[in-house]
Amino acid sequence: MSRVRTRDLSFDLRAGETLLEGLERTGHAVEYQCRSGYCGACRTPLLAGRVEYPHPPLAYVPEGEILPCCCRPAEPVSLDIPVLEIKRQA
Ligand code: FES
């Protein structure tokens with residue numbers, strides 16, 4: 001289980017959930033297209049923590065940013081991304 005902190009809240013990723021899916025579930029304003037590391041549309045600033053890529057993404061990932069569609073948090077992460085809509089945690 002990985003703890004994720006954003007500008008507005010913090011939550012735990014569920015088993016088998018990608019970081020992108022977790023951000024969507026909790027109402028965050030994250031963009032995407034391919035959902036598999038090709039396009040770079042989901043680039044998100046990483047403020048703290050470290051992620052890993054099980055398969056190296058084809059999209060360019062600048063220093064200090066991550067691709068939440070295809071990375072896995074290797075430790076608790078802090079992302080510079082806002083919530084669009086605050087949803088109740090189940
Ligand atoms: S949605 Fe395309 S790289 Fe993440």
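Readers should treat all values here as calculations from the given coordinates under stated rules, not as data from a laboratory. Quick caveat, the model's predicted, so the values are computed rather than measured. So basically every Cβ, Gly included, is an ideal-geometry build from the backbone, and we count neighbours across all protein chains shown.
Restricting region 18-76 to GluC sites (Glu not before Pro) that sit in a DSSP loop and have at most 14 other Cβ atoms within 10 Å of their own Cβ leaves 31, 63.
The amide H of residue 41, built 1.01 Å from its N in the peptide plane, has 33, 34 as neighbours under 5 Å, considering only residues 5 or more places off or on other chains. Computed from backbone phi with θ = phi - 60° and the Karplus coefficients 6.51, -1.76 and 1.60, the 3J(HN,Hα) list for region 35-47 is 6, 8, x, 9, 9, x, 5, 8, 3, 9, x, 9, 8 Hz; x is used for glycine and proline. In the elastic network of the chain, a GNM with C-alpha springs shorter than 10 Å, the most mobile of 16, 37, 27 is 16. Using Cβ point charges alone (K and R +1, D and E -1), the dipole size of the chain about the Cα centre works out to roughly 200 debye. Shape analysis of the chain based on the Cα gyration tensor places the equivalent ellipsoid semi-axes at 19, 14, 12 Å, largest first. Residue by residue, region 59-74 carries 3J(HN,Hα) couplings of 5, 5, 10, x, 3, x, 10, 9, 10, x, 6, 9, 9, 10, x, 8 Hz when phi is fed to the Karplus relation 6.51 cos²θ - 1.76 cosθ + 1.60 (θ = phi - 60°); x denotes Gly or Pro. Backbone phi angles across region 78-83, fed through the Karplus curve with coefficients 6.51, -1.76 and 1.60 (θ = phi - 60°), yield HN-Hα couplings of 10, 10, 8, 8, x, 8 Hz in residue order; Gly and Pro are listed as x. Here's how it looks for residue 71: its modeled amide H is under 5 Å from those of 19, which are all 5 or more places away or on a different chain.
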